[in-house]
Amino acid sequence: MGKKKIASLSVGWEFTKLLYTLIFDSENLPLRVDRLDEALTNHCTRKNRTWWVNRINGLTRPRFVRRFIEKKLNKNTPLHEQVHLTLDVELSHEKIYLKESVYRQKWANWYENHCSEPRKFLIPGTGKFPDFDPACKSHLEYDYDMILEIVGEVKKAEEKGRKIRALGSGHALTPVAQSDDYLVCTQYMNVTQRPAKEFIKSNYRDGFEVDVHFGNTPAKETHYLFETSGGTKIRHLIEVLEKYGLYLMNQGGSSIQSISGALATSTHGSGIGLGPVPSMVRSITLVGTGGKVYRIEPSDGITDPSLFEGKIQGSDVSVELVQDDEAFHAVLVGVGSMGIIVSLILEVQPIYRLYEERIVRNWEAVKSEIKTAPDLYSYLNANRHFEILINPYIDPDSDSAPARKCLVTTRNYAAAGTKKSNSRMERNYLSSFISGINISGKLSPWVFNQNPDAIPRMIDNSLNRIEDHAERGEGFEDIARKVLDQGLGELKFYGFATEYGIELNRVLEAVDLILSVCGEAATYKHYLAAPFSLRFVKHCPAYMSMMNTGDICMIELVSVRGVTGSLTLLKRLETELIAFGAIPHWGLSVQPWAPDMVAKAFPKFPIWKKMQAKFGGKTFLNPFMEDILAESPEITESA
């Protein structure tokens with residue numbers, strides 16, 4: 001029998017046993033998951049995995065099969081923890097809106113804790129979605145028609161006394177995008193995708209040198225400018241950049257967001273030498289209150305004023321060039337309140353490869369290293385990327401001496417053509433496999449709810465499964481996109497998280513606080529169903545960025561949607577962390593926001609308010625932002 005057939009039979013057999021265990025013997029499910037992971041890792045190619053995903057989806061697609069599984073799983077299960085196997089494809093979190101869908105439209109964020117039934121649902125732009133074509137020739141043209149369309153809609157909204165708000169991908173847990181007046185869907189605002197040359201100063205047009213500091217080694221890199229429309233999804237932007245041999249300097253763990261949405265909430269990746277998304281932006285063009293159009297940059301901006309043509313041909317609309325540090329740092333993270341972003345110019349770099357290692361360690365050992373490091377910055381900057389996943393719990397039934405486990409992840413440049421002989425070309429076999437299965441997201445909370453006291457062990461097992469380094473598993477090397485994007489597909493929407501910025505010198509205190517709260521909640525069988533992360537991010541000058549006050553540690557607390565007690569625990573953790581002095585993430589929060597909290601977390605808030613009054617006024621506010629600005633008499637109808 002051929003090796004491929006043997007491999008396929010091995011995976012098939014393990015999956016069959018997993019399905020049997022899931023339905024009839026759930027207590028042994030963790031063991032079966034481990035066995036399936038081993039089969040996928042050692043006996044299965046990517047092609048084989050795709051084949052199995054398709055077969056499993058075909059098996060579970062008939063409604064009667066899912067109803068049979070539900071009946072078995074829900075026997076003696078409390079009503080609020082029962083599983084309902086609606087197919088994920090029926091719950092797509094990337095809804096496609098048609099141009100004609102102006103009235104009687106409904107929008108909700110991905111978690112569906114905030115929704116809107118707006119008076120008017122606007123869908124400007126002439127781009128392609130979801131069938132985006134990175135090679136389309138129209139990407140080389142600037143989309144002035146889209147600007148004129150938005151200008152007209154903003155003026156109409158103001159004439160009728162309505163507010164107007166732009167939508168990205170609905171990725172935020174907060175009501176940051178919610179509005180019952182006018183909503184602007186940005187999915188078709190993706191036409192312009194080109195190297196930035198027009199109106200650009202000569203010393204920036206064909207690349208420019210920048211100083212970087214990774215691995216505690218100063219160096220110089222050549223970076224470039226790239227212009228993209230404001231509604232572009234990050235994954236589509238990546239596709240276009242790769243066509244030009246370019247890539248983002250960094251990104252978050254998912255590429256499903258729109259670039260403007262990631263900017264509005266200061267989305268980030270990891271690396272103390274790398275800032276969040278706003279740090280990559282060099283110019284912003286937006287439509288503000290009164291339908292005025294602005295191109296906003298720092299005082300020493302990339303646009304040459306002598307070359308800039310402010311008039312849009314065939315119209316009476318002009319674009320005002322604003323080169324001012326305060327204005328730029330305010331609009332960088334505008335929280336959707338400065339206007340509608342129509343285009344951005346980003347600083348990008350030539351496409352690069354990364355080598356990633358993930359090592360399971362005892363948290364106390366890592367904590368000791370951080371605590372005793374002679375120079376904390378040097379410790380954190382030893383690698384281009386550095387992050388830690390920590391199990392909130394200690395598994396009391398561990399085979400070894402009970403200890404809190406953590407996973408330390410590092411990533412560094414890997415030169416093209418010099419791939420390490422021992423570095424694997426794929427990773428996360430189990431997660432990539434499971435994320436492709438239609439019913440997996442619905443099954444996850446059921447597994448955790450069946451035996452919540454097993455969650456500490458399950459988290460330890462999950463950390464062990466993704467351990468991957470030179471001495472065990474060979475590490476993982478590929479182009480940056482495949483390393484930085486975690487690739488969980490729709491499965492990502494069955495997890496949810498809150499996140500907070502912590503001063504570097506208080507990180508260990510914050511971790512101790514989190515562990516204490518989680519430990520107390522566990523006595524009531526309330527658990528987080530995932531490890532929490534520490535990601536270290538470079539200072540960003542944007543006034544409303546979580547990184548505005550300096551280099552920061554972002555702590556992300558994660559659980560699985562539907563796990564009993566998780567949301568309650570996240571709310572308590574947020575209350576405790578805000579009292580501790582943490583800076584909340586604009587998109588990842590589950591408690592109400594108040595003006596005094598924002599003023600404390602963002603010291604430049606008064607300057608931001610002044611600039612918001614100038615560029616956005618009341619036109620682009622929603623109830624969430626109105627509450628935050630309630631004590632702000634500076635806000636006027638227009639500048």
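The values are calculated or read from the model by the stated rules, or taken from the named source; none is laboratory data. Computed from a predicted structure; not experimentally measured. Positions of Cβ are generated from backbone atoms using ideal geometry, with glycine treated the same way; all protein chains shown enter the neighbour counts. All accessible areas refer to the heavy atoms of the entire protein, side chains included, with ligands and DNA or RNA removed. Shrake-Rupley method; radii C 1.70, N 1.55, O 1.52, S 1.80 Å.
I'd like to know if segment 316-333 contains one or more residues that are in contact with a Pro (Cβ under 9 Å, 6 or more places away or on another chain), β-branched (V, I, T) and in the same structural domain as L148 (by the TED database). Yes, that holds for at least one residue.
So in segment 199-216, with the set limited to residues that are under 27 Å from the mean Cα position of the chain (by Cα) and assigned to a strand (DSSP E or B), which one is surrounded by the most Cβ atoms within 10 Å (Cβ to Cβ)? By that ranking, first place goes to F214. Taken together, the residues in segment 575-597 that are crowded, with 21+ Cβ neighbours inside 10 Å and under 22 Å from N505 (Cα atoms) amount to 5. Can you tell which of V598, V590 is in a loop (DSSP other than H, G, I, E, B) and either assigned by the TED database to the domain that holds V293 or not charged (D, E, K, R) (or both)? Answer to the check: V590. Can you find a residue in segment 550-559 that is open to solvent by 20 Å² or more (accessible area, probe 1.4 Å) and at pLDDT below 95? Yes, that holds for at least one residue. Comparison of G261, G253 shows that the only residue that is closer than 21 Å to C540 by Cα, at pLDDT below 95, open to solvent by 20 Å² or more (accessible area, probe 1.4 Å) and in a loop (DSSP other than H, G, I, E, B) is G253. Each residue in segment 298-319 was checked for being touching a residue at least 24 places away in the same chain (Cβ under 8 Å) and outside any loop (DSSP other than H, G, I, E, B), and 3 of them qualify. Only one of the listed residues (A219, A172, A166) is in contact with a helix residue (DSSP H, G or I) (Cβ under 9 Å, 6 or more places away or on another chain), in the same structural domain as S343 (by the TED database) and not in a loop (DSSP other than H, G, I, E, B). That residue is A166.
Look at (1) buried (at least 21 other Cβ atoms within 10 Å of the Cβ); (2) of a type outside the set (A, V, I, L, M); (3) within 19 Å of H171 (Cα to Cα) and you find that Y527 fails only one, number (3).
Let's see how each residue does on (1) charged (D, E, K, R); (2) open to solvent by 20 Å² or more (accessible area, probe 1.4 Å); (3) in contact with a His (Cβ under 8 Å, 6 or more places away or on another chain); (4) outside the structural domain of M554 (by the TED database):
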position	(1), (2), (3), (4)
V240	no, no, yes, yes
R295	yes, no, no, yes
I302	no, no, no, yes
F308	no, yes, no, yes
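Restricting the first member to segment 111-124 and to residues that are on the phi < 0 side of the Ramachandran plot, and the second to residues that are surrounded by fewer than 17 Cβ atoms within 10 Å (Cβ to Cβ) and in a strand (DSSP E or B), the beta-carbon pairs closer than 7 Å and six or more apart or on different chains are H114/A108; C115/A108. L286 meets each of the listed conditions (1) among the aliphatic types (A, V, I, L, M); (2) outside any helix (DSSP H, G or I); (3) under 23 Å from R411 (Cβ atoms) apart from (3).
If only residues of segment 368-377 that are touching a residue at least 60 places away in the same chain (Cβ under 8 Å) and open to solvent by 40 Å² or more (accessible area, probe 1.4 Å) are counted, the one that is nearest to L354 (Cα to Cα) is Y377. The single condition from (1) assigned to a helix (DSSP H, G or I); (2) farther than 18 Å from S229 by Cβ; (3) modelled with pLDDT under 95 that S138 fails is (2). Screening Y144 with (1) at pLDDT below 90; (2) under 30 Å from A196 (Cα atoms); (3) among the aromatic types (F, W, Y) gives one miss only, at (1). Screening K220 against (1) under 26 Å from F386 (Cβ atoms); (2) open to solvent by less than 40 Å² (accessible area, probe 1.4 Å) leaves a single unmet condition, (2).
For (1) touching a Phe, Trp or Tyr at 6+ places or on another chain (Cβ under 8 Å); (2) closer than 22 Å to A262 by Cβ; (3) open to solvent by 40 Å² or more (accessible area, probe 1.4 Å), each residue gets a yes or a no:
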| position | (1), (2), (3) |
| --- | --- |
| A510 | yes, no, no |
| C518 | yes, no, no |
| A521 | yes, no, no |
| L534 | no, yes, no |
| M547 | no, yes, no |
| V563 | yes, no, no |
| K571 | no, no, yes |
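Of F605, F580, all but one fail to be at pLDDT 95 or above, assigned by the TED database to the domain that holds K538 and of a type outside the set (G, A, S); the exception is F580. The numbered conditions (1) modelled with pLDDT under 95; (2) crowded, with 16+ Cβ neighbours inside 10 Å are all true for P195 except (1). Residues in segment 527-554 that are in a loop (DSSP other than H, G, I, E, B) and free of Cβ contacts under 8 Å to residues at least 60 places away in the same chain: N548, T549, G550.
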